[in-house]
Structure formats: structure tokens, C-alpha cells
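Trainee: One structure follows; several queries about it will come next.
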Amino acid sequence: MVVRRPPGRRAQILAVAADRFHRSGYHQVSMTEVAAGVGITAPALYRHFRGKPELLDRAVRLGLDALADGLRAAGSTAELGAALAAVAVGHRPLGTLVQRDARLLPPARRAGLRRELRSDVALMAAVLRAERPELPAPDAELLCWSALSCCAGLSYQSAAPQPRRAEALMRELVAAVLAASLDGTATGPDTNLDAHPDPAPAPRPRREELLAAAVRLFHQRGFDNVSTDQLGAAVGISGPSVYRHFDSKAHLLAASLVRSRERLRHEVEGAIAAADGPAAALAAGLGAYVDFALRNGDYLGAMLSETERLAPSDRRVAVDFRRDFLRTWVGLLRQVRPDYDAVAARIRVHALFSLVNDGVRNRPYSARPDLGDCLRRIGGAVLGVDPS
């Protein structure tokens, strides 16, 4: 007797896996959970996919293939916006899978993914420069990367907005980003990567060195791929000596994220509170967030990718902070732009955070000396405000 597999079963599995990875994080999802979501047994799932790495790889590829197909058919910036918006809504988990989980893929696959995205950006930049021939190639590419990042921001909405409304908003955001002017961007004390060195040039206590090293290594390699020996070596001590300062690697992760989170709150909320009026406060907050991101890209990456690795109590605190931080920005934006409802404001704020967080970590564009000014201008376009 021949047992026929239901048509579209692989696509169904990939959709469930992408959703589970997106909501809970790759490490928190088991093959058994994916199988249950599809309504099959784990052994049946292994007939389709060899394991979680292949599931993640195929889920990412499914979204990127849809993106490439849409971009290849686009002949104008409006059509680029329509293609990006359709993928952002139709493959909503793709943003978190690419920004957070794809770094867990094998090195060759990560390199391939990066090549695919560069190819996508090249297609977009050619269309953009046909409409804006005055744009230098590096500026066009930065705007296109920023448009991709803004669309990825839709992944971080806690509740999916109504699809047609979401697509319309994403098209509007992409149009605003691709129309942004980068003429006369300046490199100065507020935009230089070295503008805010650590306030204490003297050697830091060992605990502080470990906190800084942990954020960097967890971001670059992932929590599970960093050993205590590597953490100790980063600050010139043995692996077991790490336990003199922290009870466990998980405790070190939690403490490193708390320390960076406190700095983010102090700098950004302090800038907002010191400003005179909502418009000035929003501009000050945008500038402070960009400046913080330029100096703390490792923290932003670790916050994005490693929060799910925290103990439940620490994870709740981290998630509560992000919700409160988002709520502050959404409320402020709606004061400045009362024509935005809560949905539109949240989508714009998520898009802002996504483009800034990506922008400071996206080599080689993150090496631009005027990157801070560029991100402020593009961020202002996303929010629909004047960032000056």
C-alpha cells in the first residue's frame, strides 16, 4: 500500500516552523513542537526535513525567493515598494529570521544569504538610480538597505495588522525612505563613531570588562557558541575565573543586557525629557538613539538575538522594557503627528528601530563617517517628521 503525503505538506511545515521560530526563537522550538503544529508526528516530519537547521534554512530561503521574484519584476520605485510590502506582510516572520536567527546557519549558508541580499539591493539600487540619477551609488545602496530593514520591522509587531492596511503603510514607508535626501550629510561630534568614547579611559574593573566582552561575543557568535574559556580569554583570565564574578554564563548574559539597557534608558529618555515640546523631544530622542546605536551595536544585536536565552524572569523584564520603550516613542510620535493612529505609529517606530539597528551593524555601510546623520535623516523620513 502506498501512503500519499498531503499536497503542500512541505510548505505547511515551513509556514509553521517559520511562525514558531519567529515567535519563540530558534533555540526554544523543538521538532516535536513543529510537528504538532502541522498535525503530524516527529518521525513523519523527519521524512521531509533532516532537522531544525534545514527547516530554518528553507524557511529563510522561501521568503528570500519571494523577495527576489518581486524585485526582479519591479521597474519603478513604486513597484519596488509594492514588492517589499507584499513580502513584509505575506512572509512576516522573515524579518526576525534574517535579523536574529539566520546567523545560526552554517557559515557557507550565511555567506550565501548575504550574497542574495546584496543582489537584491543591487537590483533595487539600479531602479532607484534610474529615477534619481543624481544619487551616488553608495547613497542609493544605503537607502535600499534601509528600505529592507524598515520592512523587516513589521516582524516585531506583537499583533499582525490588517494585511491591506499594513501593505499600504509599508509602501508609504519604502517610498519615504527611497526619496530621502542624503545631500550634505555631515561628519561631526554627533555623528562620528568615536564621538562618545567610554567616559573612563582608565582600565575597567574585571567585572565591567566581562560585561563588555560578553555583549560582543554573544552578539557575534551566539550564546550557545561562546564558552566560559572564550569569555575569560577575552579579558585575560581563565574560564573558571569567570565564576568568581558571575554564577553562570546565563547570569553573565542577563547582567550584560541589563547594563546596556540601563545606558540606553538613561541616554535616550534623558534626551527626550530635556527637550522643550514634543517635536523637539522626538528629534532629540532620535538623535540620542542613533548616537547610542553607533556606540553599542553589539548590545542591540545581542538584545535582538539573545533575549530568548534569558531565564524566564529576566526575559520578562527585558520584554517589559522593550514594550515600555516602544510605548514612549509611539505616544510621542502621536503627539507630533496626531493624524497617525496607534497602528500606524507602531509600525513606523518599529521600522525606525529596525533600520537604525541594522544600519550600525551592516558592513561596509556602517563604516560611513556620516552614517549618524544619514540614519537621522532616513529615520525622520520613516517617522514623517523633520529630524533637525
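Trainee: Of all accessible surface on the chain at a 1.4 Å probe, what whole percent is carbon and sulfur? Provide the component values of the computation, followed by the final result.
Mentor: Working: 9300 of 17570 Å².
The nonpolar share, carbon plus sulfur, comes to 53 percent.
Trainee: While we're looking at this one, here's another question. Of the labelled options [x] 29, 59, 12, 0; [y] 26, 58, 15, 0; [z] 19, 22, 13, 14, 13, 12, 7, 1, which one gives P(r) over Cα pairs in 20 Å bins from 0, in percent as computed for this structure?
Mentor: Identified label for the calculated read-out: [y].
Trainee: Now for a different question. Is the C-alpha gyration tensor of the stretch 48-91 telling us rounded, prolate or oblate? Criteria: a/c under 1.5 is rounded; beyond that, a/b larger than b/c is prolate, otherwise oblate. Numbers along the way, then the final one.
Mentor: On the way: a/c = 4.95, a/b = 2.96, b/c = 1.67.
Cα axes put the stretch 48-91 in the prolate bin.
Trainee: What helices does the chain hold that run 27 Å or longer along their axis, going by alpha-carbon atoms, with a Kyte-Doolittle average of -1.0 or more, using DSSP H for the helix calls? Let's see the in-between values first.
Mentor: Values: long enough: 52-72 (30 Å, -0.07); 107-131 (36 Å, -0.16); 312-336 (36 Å, -0.39).
What comes out of the filter, once short or polar helices are dropped, is 52-72, 107-131, 312-336.
Trainee: Right, another one. Name the GluC sites (Glu not before Pro) in the stretch 78-144 that are in a loop by DSSP and that have at most 11 other C-beta atoms within 10 Å, would you?
Mentor: Here the sparse-neighbourhood loop sites are Glu134.
Trainee: In what sequence, largest accessible area first, do Met303, Met170 appear using a 1.4 Å probe?
Mentor: The ranking, largest first, comes out as Met303, Met170.
Trainee: Starting from the 7 Å offset along Cα-to-Cβ, what nm value, one decimal, do you get for the label separation of Glu209 and Ala179?
Mentor: Those two pseudo-labels are separated by 5.3 nm.
Trainee: Determine how large the accessible area of His350 is when every protein chain is in place; take a 1.4 Å probe and give Å² rounded to the nearest 10.
Mentor: 30 Å²
Trainee: Place a point 7 Å from the Cα of Arg322 along the Cα-to-Cβ direction; which residues of the stretch 279-303 have their backbone N under 12 Å from it?
Mentor: Counting only backbone N, you get 300-303.
Trainee: Using a probe radius of 1.4 Å on heavy atoms only, what accessible surface per residue do you get for the chain? Whole Å² is fine.
Mentor: Details: 17570 Å² over 388 residues.
With all protein chains present, the chain gives 45 Å² per residue.
Trainee: Please say if the stretch 23-132 is rounded, prolate or oblate, where rounded means a/c under 1.5 for a ≥ b ≥ c the square roots of the C-alpha gyration tensor eigenvalues, and otherwise the choice is prolate for a/b larger than b/c and oblate otherwise?
Mentor: prolate
Trainee: Same structure, new question: For Arg263, Arg132, give the ranking by accessible area with the largest first, probe 1.4 Å.
Mentor: Working: Arg263 105, Arg132 40 Å².
Accessible-area ranking of Arg263, Arg132, largest first: Arg263, Arg132.
Trainee: So, one more: Rounded, prolate or oblate, given the Cα gyration tensor of the stretch 66-117, with a/c below 1.5 counting as rounded?
Mentor: Details: a/c = 3.51, a/b = 1.77, b/c = 1.98.
Verdict is oblate for the stretch 66-117.
The values are calculated or read from the model by the stated rules, or taken from the named source; none is laboratory data. This structure is a prediction, so every number in the text was calculated from the model and none was measured. Virtual Cβ from ideal backbone geometry, glycine too; neighbours counted across all protein chains shown. These accessible areas exclude ligands, DNA and RNA; they are computed on the full protein's heavy atoms, side chains included. Shrake-Rupley method; radii C 1.70, N 1.55, O 1.52, S 1.80 Å.
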